[in-house]
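Just so it is clear, none of the values below were taken in a lab; they were calculated from the coordinates. This is a predicted model, so every value here is computed, not measured. Don't worry about glycine lacking a Cβ; one is built from the backbone with ideal geometry, like all the others, and counts go over all protein chains shown.
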Amino acid sequence: MDIFIAPLKFYSALLLQNLVKELSKRFTSNIHIIELKMNLDDFLFFERGQYFSTQIIAEAMKLTDEFDGKIILLTNVDIFVPVLTFIFGEAQLNGKHSILSVCRLHEEFYSGISNESLLFERTIKEALHELGHCYGLRHCIDWDCVMHSSPGIEEVDIKGNTYCHKCISKIEGYKQ
């Protein structure tokens, strides 16, 4: 089963290239970059200055029938679900679609200092996390597991960058 990455309002070719390369190392699946004709501004909530991720995923579902595999919508816009202030990503549990925002993964969001290697590390963790949900994984209590819940950037930084043995056993096509 292939993995498709659909950049939407995402402008870092280098980060995208590095993400594809890293996912290719970790999965037996082919990794593809696809283009979706979506206007994310349709999902902007002006009062919050954020984009409603669940609605973005719903729209992507209408546009991706021909793709057999998992789909990651990759964006730089700030995303949310109504019950939370912000999220790094959202995924369909045991489904096909997920969204990942790197907006709050940038170190300069917090400290004003750019750190590309930290951004890449955080992006990999959160991409694996959202893909894990698509493969049916729930949050894991193991802090070394990438499936550990990350409500804030501190938890992203603390947790591991791969799946624990229990979680790996449930993911089709993951190279151990």
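A few comments on the model shown:
- Protection proxy ranking of 89-102, 6-19 - average other beta-carbon atoms within 10 Å, highest first: 89-102, 6-19
- Computed lengthening from K170 to M1, 0.36 nm per intervening residue step minus Cα-Cα distance: 59.4 nm
- Inter-site label distance for N39 and E66 at 7 Å from Cα along Cβ, in nm: 2.3 nm
- Peptides 130-143, 29-42, 161-174 ordered by average Cβ neighbours within 10 Å, highest first: 130-143, 161-174, 29-42
- Restraint check, K21/K159; K62/K159; K37/K159; K37/K125, Cα-Cα greater than 32 Å: K62/K159; K37/K159
- Modelled this way, with points 7 Å down the Cα-to-C-beta line, the labels at E108 and D142 are 3.6 nm from one another.
- Cβ-isolated cysteines (cut-off 4.7 Å), the chain: C103, C134, C167
- In plain terms, the chain from S149 to E116 could stretch by 9.6 nm, reckoned as 0.36 nm per residue minus the Cα-Cα distance.
- Around Y110: net Lys/Arg minus Asp/Glu count, Cβ-Cβ under 14 Å: -4
- Database remark: amide H of C145 closer than 5 angstrom to the amide H of G160 (H placed geometrically; neighbours at sequence offset of 5 or more, or on other chains; Pro and chain starts carry no H).
- Take every DSSP beta bridge whose two residues both sit in segment 2-168; close to 25 percent of them are antiparallel.
- Efficiency of FRET between N30 and T85 - r from beta-carbon atoms, R0 25 angstrom, step 0.05: 0.10
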